[in-house]
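Student: For reference, the structure I am asking about is given below.
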Amino acid sequence: MTDRRRPLALRLRATAASAATVSLIGGCASLPGAPSTSTEPVVVMTWAPEGTRANNMSGMPAMAQAYSRYVNANGGINGRELKVVTCNEGHNSVKAARCARRAVTEGAVAVVGSYSEHGRSFMPTLEAAGIPYVGGYGIASEEFTSASSYPVNGGTPALLAGNGRQLADSCERVSLVRPDSIAGDPMPDFLSSGLTAGGRGTARDIMVAHDSTDYTSQAHAAIGDDLPSSCVSAVLGERTDTFFDSFRRLKPDNTRIASVLGSIDQSLVDRTGGADGPLEGAWATGWYPPADDPRWDGMRKVVRTHAFGDNRIDISDPGAQTTWIAYTVFTSAARALGDKPVTARTIARELDNGEGIGTGGLTQRLSWRYSDLLAVHDYPRIVNTSVTFQVVRNGRLTAMRDRLVDVRVMLEGADDPA
């Protein structure tokens, strides 16, 4: 019995060895650490909500597709095609989770330049699969806590801290109009951290329903006594226009308005009358330089060449800008791998250990090493603490300062219970 089994075992081992050899030769597997000879596309995913009643960010997947055409027209990723798979996140937790599962089944090595407020729904799936989330819009708190996330901006915290510091120079009293939601709850603390850094008191917190069609009562509360040195900052995404419409119907004499990029942008200024509209003179804080800055010339050229006629892409939209920067980061990391395999694991390792990635001056140099992370308990993954101060002048969002403004100290101060 023993003698008969021994030849069978030997035959099985020989068959297994032969199959492994064929598999390796055929390119279906590779030895750990061996150079990559794959010609398969490098697959990534970009998701964003489209066709919803809340914030719609169709420019982000459109920008991702334009970027992939640009990359592939210039040799791809170390000779491999960059394939972008898009998904409609639907501003819905179920759909966000579905997009994450699809990223896994599609074999995505990263999710790049995407928008979702539902981090609790999508991040666990990405974490379990080891897929890095590169350059999310900065709206979900999980983007700044998960080790799988590599944010390219300081998110809402940086915008609000910067907005507070911007307003502190001229406003004795500031009212913040923001969503009555989990995403909106931390906003007053960050705005107030910027105000107090400029020697002002904390902001008045005015909460509103995210999908309301009229904000007259909240506008009344924000205006208050309409003192010359009072200001109101509205941070409501696409609904900011609805609030300002209610605000201007009350015809306040003295209260000055402000917001952050993403809630106010050049298209909104144009839509409301430009230099003759109610937003003339409004202050805004952004993550990046204004759209007319020469540092955006690369993005502008790519859109003109590879997305001509695609009206989903607005150069001044912070979503499209974030996607551009996120893909700049991803392709830099992927190309730095050289002949190594481009996988979720190798991309994450490159981002974790790299010396930093430049974005042509659109942000500070980005690096996610442990020493680069922010000392804020709820937002430890923030590495970019720079913002820009802007003002609507002659109907255009214009830089108030040439340089980026660092709000690191204000963000860390907002986390200090003292």
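Student: Taking the conditions exactly as written (small (Gly, Ala, Ser), open to solvent by less than 10 Å² (accessible area, probe 1.4 Å) and part of a strand (DSSP E or B)), does SER175 satisfy them or not? Steps first, answer last, please.
Tutor: Numbers: small (Gly, Ala, Ser): yes; open to solvent by less than 10 Å² (accessible area, probe 1.4 Å): yes; part of a strand (DSSP E or B): yes.
Yes, satisfied.
Student: Somewhere in the stretch 239-257, is a residue open to solvent by less than 20 Å² (accessible area, probe 1.4 Å), touching a residue at least 40 places away in the same chain (Cβ under 8 Å) and of a type in the set (A, V, I, L, M)?
Tutor: No, the stretch 239-257 contains no residue that is open to solvent by less than 20 Å² (accessible area, probe 1.4 Å), touching a residue at least 40 places away in the same chain (Cβ under 8 Å) and of a type in the set (A, V, I, L, M).
Student: Follow-up question, since we're still on this one. Just one of (1) without any contact (Cβ under 8 Å) to a residue 40 or more places away in the chain; (2) open to solvent by less than 60 Å² (accessible area, probe 1.4 Å); (3) touching a helix residue (DSSP H, G or I) at 6+ places or on another chain (Cβ under 8 Å) trips up ARG369, so point out which.
Tutor: (2)
Student: Give all pairs with beta carbons closer than 8 Å in which a residue from the stretch 329-344 that is farther than 13 Å from ARG80 by Cα meets a residue that is of a type in the set (D, E, K, R) and modelled with pLDDT of 95 or more; count only pairs at least 6 apart in sequence or on separate chains.
Tutor: What qualifies is ALA333/GLU350; ALA336/GLU350.
Student: If you don't mind, there's one more thing I want to ask. Here are VAL109, VAL104, VAL152: which of them is open to solvent by 10 Å² or more (accessible area, probe 1.4 Å) and touching a residue at least 60 places away in the same chain (Cβ under 8 Å)?
Tutor: VAL109
Student: Are any of the residues in the stretch 240-248 at pLDDT 90 or above and part of a strand (DSSP E or B)?
Tutor: The answer is no, given that none of the residues of the stretch 240-248 is at pLDDT 90 or above and part of a strand (DSSP E or B).
Student: Being open to solvent by 30 Å² or more (accessible area, probe 1.4 Å), small (Gly, Ala, Ser) and in contact with an Asp or Glu (Cβ under 9 Å, 6 or more places away or on another chain), is that true of even one residue in the stretch 276-283?
Tutor: First, pick out the residues of the stretch 276-283 that are open to solvent by 30 Å² or more (accessible area, probe 1.4 Å): 276, 278, 280.
Now narrow it down to the ones that are small (Gly, Ala, Ser): none.
Among the residues of the stretch 276-283, not one is open to solvent by 30 Å² or more (accessible area, probe 1.4 Å), small (Gly, Ala, Ser) and in contact with an Asp or Glu (Cβ under 9 Å, 6 or more places away or on another chain), which makes the answer no.
Student: In the list ASP314, ASP297, which residue meets the criterion of being surrounded by fewer than 16 Cβ atoms within 10 Å (Cβ to Cβ) and more than 29 Å from ALA128 (Cα to Cα)?
Tutor: Working: ASP314 fails: surrounded by fewer than 16 Cβ atoms within 10 Å (Cβ to Cβ).
Being surrounded by fewer than 16 Cβ atoms within 10 Å (Cβ to Cβ) and more than 29 Å from ALA128 (Cα to Cα) holds for just one of ASP314, ASP297, which is ASP297.
For every residue, the table says whether it meets (1) of a type in the set (A, V, I, L, M); (2) in a helix (DSSP H, G or I).
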residue	(1), (2)
VAL269	yes, yes
PRO289	no, no
GLY319	no, yes
VAL329	yes, yes
ARG335	no, yes
ARG345	no, yes
ALA348	yes, yes
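The values are calculated or read from the model by the stated rules, or taken from the named source; none is laboratory data. Treat the numbers as computed from the prediction; the structure is a model and nothing was measured. As a convention, Cβ positions derive from the backbone with ideal geometry for all residues, glycine included, and neighbour counts pool all protein chains shown. All accessible areas refer to the heavy atoms of the entire protein, side chains included, with ligands and DNA or RNA removed. Shrake-Rupley method; radii C 1.70, N 1.55, O 1.52, S 1.80 Å.
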